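One structure below.
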Amino acid sequence: MHYKLLIVGFIICSCSPARMIETDLYFGQSKPGGGTITEMEWKNFKENYIAKVFKEGSTVYHAEGNWLDAVSNQLITEPTYVVVYIYKHSPQKSKQIDSLRYWYKTMFQQQSILRIDKKVKVNF
């Protein structure tokens, strides 16, 4: 009888939500001077950079974004990839995420990569 209670208690505890961080990164696809980052360029960046930092997996979806270019004072509309990553808080992981932003900006001459961090409760 006591064993059944322990098993039920374990099942309940293993199903309770975990507190984690969700980071959303917005990678614009427009290139300075015209054109967009090609599918092959994006695929290579995703495989060689994103997949190595987000080893546990991530979600990528295509969006269209608007942002105000401070230099030209114009509203820019561009295709964007949003990468969503959920993880346990870690200063080291945060630095790795910032390194993704750095390399993307450097490789594709981007002004910025939007990063949004939020606390979430997740249940797998």
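Of the numbered criteria (1) part of a loop (DSSP other than H, G, I, E, B); (2) out of contact with any strand residue (DSSP E or B) (no Cβ under 7 Å at 6 or more places or on another chain), the one Gln92 fails is (1).
Which members of the range 96-119 meet the condition of being of a type in the set (A, V, I, L, M) and either surrounded by 12 or more Cβ atoms within 10 Å (Cβ to Cβ) or in a helix (DSSP H, G or I) (or both)? Within the range 96-119, Ile97, Leu100, Met107, Ile113, Leu114 meet the criteria.
The residue of the range 34-61 that is surrounded by the fewest Cβ atoms within 10 Å (Cβ to Cβ), among those that are in contact with a strand residue (DSSP E or B) (Cβ under 9 Å, 6 or more places away or on another chain) and aliphatic (A, V, I, L, M), is Val60.
Looking at this structure, is Ile37 modelled with pLDDT under 95, among the aliphatic types (A, V, I, L, M) and farther than 30 Å from Pro17 by Cα? Criteria not met by Ile37. If you take the residues of the range 62-95 that are surrounded by 10 or more Cβ atoms within 10 Å (Cβ to Cβ) and of a type in the set (Ser, Thr, Tyr), which of them is farthest from Trp42 (Cα to Cα)? Among those that are surrounded by 10 or more Cβ atoms within 10 Å (Cβ to Cβ) and of a type in the set (Ser, Thr, Tyr), it is Ser90. Of the residues Asn48, Asn73, the single one that is more than 17 Å from Tyr104 (Cα to Cα), free of Cβ contacts under 8 Å to residues at least 24 places away in the same chain and over 14 Å from the mean Cα position of the chain (by Cα) is Asn73.
Quick check on the range 75-84. Is at least one of its residues under 16 Å from Glu22 (Cα atoms) and in a helix (DSSP H, G or I)? The answer is no, given that none of the residues of the range 75-84 is under 16 Å from Glu22 (Cα atoms) and in a helix (DSSP H, G or I). The C-beta contact set for the range 87-102 (first residue over 13 Å from Asp117 (Cβ atoms), second residue in a helix (DSSP H, G or I) and at pLDDT 95 or above, distance under 7 angstrom, 6+ apart or interchain) comprises Gln96/Val53; Leu100/Tyr49; Leu100/Ile50; Leu100/Val53. When Asn48, Asn66, Asn73 are checked against the criterion of being out of contact with any helix residue (DSSP H, G or I) (no Cβ under 6 Å at 6 or more places or on another chain) and at positive phi, a single residue qualifies: Asn73.
The values are calculated or read from the model by the stated rules, or taken from the named source; none is laboratory data. From a predicted model like this one, the values you see are computed outputs, not experimental measurements. Quick reminder, even Gly has a Cβ in these numbers, built from the backbone with ideal geometry, and neighbours come from all protein chains shown.
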